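Asks: Please see the structure below; I have some questions.
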Amino acid sequence: MDPSEIEFLAEKTSIEMIPNFNHTSVIHLISGDVGPFRAGLPIVVPLWLALNLKQRNKCRILTPEWMDVDKLEEKKEEEKNSKFFTKMPHEHYLEVTRLLLNVASDDINRADEIKTLIKDLWDMRISKLRSSVDTFVNSGGIHATLDHLTQLEINSIRPLLPDALNMLQALQQGSDSEEEEDTSQNTTRQANATDSFLSASLPSSGE
Amino acid sequence: MSNADLSELERELLETEHLDENEEQLTAQNVLDVLEKAWLNEKFSPEILPHKSEYVECMLEQIKFMESNINLLQSTDIQVEIYRFELERIRFIITSYLRCRLKKIEQFASYILDQEKDRNVDERYLSESELKFAMEFVQHLDTHFNSVLKEMPWNLQTIEPANKNIKPNMNSYVFLRSNKTVSNVIVKDVFENRDEDVELLENSQHLLPYSCIANYVKEKSVQLL
C-alpha cells in the first residue's frame, strides 16, 4: 500500500478548529454532517476539511490534546522502558502530526519540539519492530500478534516480512514435495516508496 | 434570475436534502463505510473477494445526486468546494477499489472463471461487467497465444492449460485486525507439519496466512490491514 493512501485514511480523523467565517446551515456530507460554522466558536470536523479550510485561511486549527510536549515526553519514556509496543496516543500519530505541521505549524505550540518527539517515537518503534521481526523469522514462528502497531508501522514492514515468510513457506513446501507451485509470482514490491516516505515524513530537526 | 430567487432555490435544495437526510443519511454513510472496508480488504487479500457492486452503484448514484445539487448552488458558496472535495475523496476510493479488482482479474483470469463456474448466480464473486471483462480477457489472451505460437518451432507450439492457469497464493501472509473474538483459528505449520490453534481477541492485530482466515474476511469478522 502506498503511504499516501494511509495518509488519506488518516485524514478522516476528527479535529477541533475555530472558523473565522459564518455559515449558519449544516453541511450534509456523505460521511456525516458538519457545521454550522460560527466565527470564533470551536467545532469538530474531519481533518481533511480542517486542512483545506486552513489552507484557504478560513480557520485556526486547535492542537489535538495528545499532541503535547509533556505527554509525548512521557510516552517516549514509556516506549523506551517497555519491551513491547505501547499504545500510541493516536492510531495515525505520525501522519496527523506531519499533516498538521506542514499546513498549520503556526497553530501548534512548540511545533519543533513536537516534530522531534514524534520522530524519536517513530524511530524507536521502527527499530524495535525490525529487531522483533528478526527474532520472529529466526524463531521460525508461523503466527505473530502485532497489537498497538499503527497502520503506517505495519505498512513499513509489508514489503519485507510477509514476502519473506511466503518465500520460506514455498521453500519448505518445495523440499517436502516436488510438485510445488510457484508461490512467489504475485509480489509487487514497494520498498522504495516506503523508504522515501520515511525519510520525507519528518526530517529530524538536527539535520 | 434575481438574487432572491437564488437563495430561495438554495433553501429549497437544502430542505429537500434534509428530508432525504432522515431516511438516507445513515445509509449513505454506511455504504461509504462498507466500501472503504471492502477497498482495504481487496487491496490486501491474495484472491478476489465477493463483489460489492450494489454498494458501488448506490454510491455512484449518491455522487450524481450530490453533483446535480452542487451545480444549483452559487459557485462562491463555501459549501461548494467542501462538497466537491468530499466527492473527490469518495471517487478515489471507488476507482482504486475497482482498479484493484481488475488487476486481480487480469492476473488470475482463467482461475477465477473456473471458480465462478461452480457458483450460483447470486453467489458469484464477480459483478456482471467484471465477468464479461474476464471472459473477453481470456478470449483475447488465447487468440494472442495462438497467433504467436504458430510462429514457434513445432515442439513449442502448445501450452499446457495448467500453465496458463495462474493461481493466487492463498497461503500468503496478511496483516489483519479482528473485529470480534474469533477462536480456534487453525494455522498450519508447514515447517513441523502440525496445526496450531490461535485465538483472535477482539481488536487484536495479527500476521497470519490468508487461507486460515479467508472465511472470516468474507463474513467481516476480521479486517485486513
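Asks: Could you check how many residues of the range A:126-160 are part of a helix (DSSP H, G or I) and within 7 Å of another protein chain (Cβ to nearest Cβ)?
Replies: Looking only at that region, the number is 2.
Asks: Something else: Taking A:Glu79, is it farther than 30 Å from B:Cys100 by Cβ and loosely packed, with under 13 Cβ neighbours inside 10 Å?
Replies: So A:Glu79 does not fit the description; no.
Asks: Same structure again: Any idea which residue in the range A:1-48 is farthest from the other protein chains (Cβ to nearest Cβ), counting only those that are touching a residue at least 40 places away in the same chain (Cβ under 8 Å) and among the polar types (S, T, N, Q)?
Replies: Selected residue: A:Thr13.
Asks: What residue, of A:Asp176, A:Asp182, A:Asp147, A:Asp195, is loosely packed, with under 15 Cβ neighbours inside 10 Å and at pLDDT 85 or above?
Replies: A:Asp147
Asks: I've got another one for you. Which residue is nearest to the chain's Cα centre (by Cα), if the candidates are limited to the range B:176-189 and must be hydroxyl-bearing (Ser, Thr, Tyr) and open to solvent by 30 Å² or more (accessible area, probe 1.4 Å)?
Replies: Restricting to residues being hydroxyl-bearing (Ser, Thr, Tyr) and open to solvent by 30 Å² or more (accessible area, probe 1.4 Å), the top hit is B:Thr181.
Asks: Tell me, which residue of the range A:164-173 that is open to solvent by less than 30 Å² (accessible area, probe 1.4 Å) and either of a type outside the set (S, T, N, Q) or in a loop (DSSP other than H, G, I, E, B) (or both) is modelled with the lowest pLDDT?
Replies: A:Ala170
Asks: Select from the range B:190-225 the residues that are under 21 Å from B:Asn169 (Cα atoms), in a strand (DSSP E or B) and open to solvent by 10 Å² or more (accessible area, probe 1.4 Å) and list them in ascending order.
Replies: Correct list: B:Arg194, B:Asp195, B:Glu196, B:Gln223.
Asks: OK, next. Counting only residues that are closer than 23 Å to B:Leu32 by Cα, give me the strands (runs of 3 or more DSSP E) lying completely in the range A:1-120 with at least 2 of them.
Replies: Passing ranges, in order: A:14-19, A:27-29, A:32-34, A:43-46.
Asks: Filter the range A:41-67 down to residues that are open to solvent by 30 Å² or more (accessible area, probe 1.4 Å) and within 12 Å of A:Glu16 (Cα to Cα) and give me whichever is farthest from the chain's Cα centre (by Cα).
Replies: A:Leu41
Asks: B:Glu219: among the acidic types (Asp, Glu) and either closer than 22 Å to B:Ala109 by Cα or more than 13 Å from every other protein chain (Cβ to nearest Cβ) (or both), yes or no?
Replies: So B:Glu219 passes the test.
A quick yes/no check of all residues on (1) assigned to a strand (DSSP E or B); (2) out of contact with any Cys (no Cβ under 6 Å at 6 or more places or on another chain); (3) within 26 Å of A:Asn155 (Cβ to Cβ); (4) open to solvent by 70 Å² or more (accessible area, probe 1.4 Å):
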site	(1), (2), (3), (4)
B:Lys104	no, yes, yes, no
B:Ala109	no, yes, no, no
B:Asp114	no, yes, no, no
B:Ser129	no, yes, no, yes
B:Phe137	no, yes, no, no
B:Asn146	no, yes, no, yes
B:Ile159	no, yes, no, no
B:Val174	yes, yes, yes, no
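Asks: A further question follows. So A:Ser31 passes all but one of these: (1) within 23 Å of B:Ile82 (Cβ to Cβ); (2) open to solvent by 30 Å² or more (accessible area, probe 1.4 Å); (3) at pLDDT 90 or above. Which condition number does it fail?
Replies: (3)
Asks: Sticking with this one: Are there any pairs with C-beta distances below 7 angstrom linking a residue in the range B:85-110 that is away from chain A (no Cβ under 11 Å) to a residue that is of a type outside the set (D, E, K, R) and not in a helix (DSSP H, G or I), with the two at least 6 apart or on different chains, and if so which?
Replies: The qualifying pairs are B:Arg101/B:Ile48; B:Ile105/B:Ile48; B:Ser110/B:Asn165.
Asks: Assuming A:Ile18 fulfils every condition listed in (1) in contact with a Pro (Cβ under 6 Å, 6 or more places away or on another chain); (2) surrounded by 20 or more Cβ atoms within 10 Å (Cβ to Cβ) apart from one, which condition is it?
Replies: Result: A:Ile18 fails condition (2) only.
Asks: Follow-up. Against the conditions (1) within 11 Å of another protein chain (Cβ to nearest Cβ); (2) modelled with pLDDT of 85 or more, where does B:Asp195 fall short? Just the number, please.
Replies: (2)
Asks: Ok, one more. Quick check on the range B:70-90: of everything there that is open to solvent by 70 Å² or more (accessible area, probe 1.4 Å) and of a type in the set (D, E, K, R), which residue is nearest to B:Val31 (Cα to Cα)?
Replies: B:Glu88
The values are calculated or read from the model by the stated rules, or taken from the named source; none is laboratory data. These figures come from a predicted structure and were not determined experimentally. Reconstructed Cβ throughout: ideal geometry from the backbone, glycine too, with neighbour counts over all protein chains shown. Keep in mind that these areas ignore ligands, DNA and RNA; they rest on the heavy atoms of the full protein, side chains included. Shrake-Rupley method; radii C 1.70, N 1.55, O 1.52, S 1.80 Å.
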